[in-house]
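The values are calculated or read from the model by the stated rules, or taken from the named source; none is laboratory data. Just so it is clear, the structure is predicted and the values come from calculations on it, not from any experiment. Using ideal geometry, Cβ is built from the backbone for each residue, glycine included, and neighbour counts are taken over all protein chains shown. SASA here: full protein model, heavy atoms, side chains in, ligands and nucleic acids out. Shrake-Rupley method; radii C 1.70, N 1.55, O 1.52, S 1.80 Å.
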Amino acid sequence: RLHSVISIPFALCASVAIAVISGADALSALGLIALPAAFILLTARLGVLINLRLPRFDWTNETVAVKQSMATVIAMFANMALVVAAAFGYALTSAVLDVRVYMLIVAALFAVLSLIFDRLLKTSGSRRFESLA
């Protein structure tokens, strides 16, 4: 939750600033606010799920566990893949979907995935965590 608590307020401030400066309409502003927030929630849960699958307990200092683990590498590439997939999806649908609608669809998809990952963390994730101890 720390990732979300730290990241979301700054993302919301930046999103509101972009919406105000660009003179975005209501639908654009909603997309500008919802998409980063949903992405942050999704990546936070995805990172924890990956860490549960690939924990690293053989570290000698915290930097090794946080910065040099396979879970970190996979989480970084998974986050990049999410962004690329969203961009590729827009490239495929831009002829039929307005960018504002597409942002809201992707935000909703990220929110649904985040809820699914949250459910996994509360069920099988908690069992997995208990078995690591």
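Quick notes on this structure:
- Selection of segment 93-108 for residues being at pLDDT below 95, assigned to a helix (DSSP H, G or I) and open to solvent by 60 Å² or more (accessible area, probe 1.4 Å) yields 99, 100.
- Number of the condition not met by residue 126 [criteria: (1) assigned to a helix (DSSP H, G or I); (2) free of Cβ contacts under 8 Å to residues at least 12 places away in the same chain; (3) open to solvent by 50 Å² or more (accessible area, probe 1.4 Å)]: (3)
- For segment 32-58, a residue qualifies if it is more than 17 Å from residue 7 (Cα to Cα) and open to solvent by less than 60 Å² (accessible area, probe 1.4 Å), and the qualifying residues are 49, 50, 52, 55.
- Within segment 1-30, the set of residues being within 18 Å of residue 46 (Cα to Cα) and either outside any helix (DSSP H, G or I) or basic (Lys, Arg) (or both) comprises just one member, 1.
- The single condition from (1) free of Cβ contacts under 8 Å to residues at least 60 places away in the same chain; (2) in contact with a Leu (Cβ under 8 Å, 6 or more places away or on another chain) that residue 85 fails is (2).
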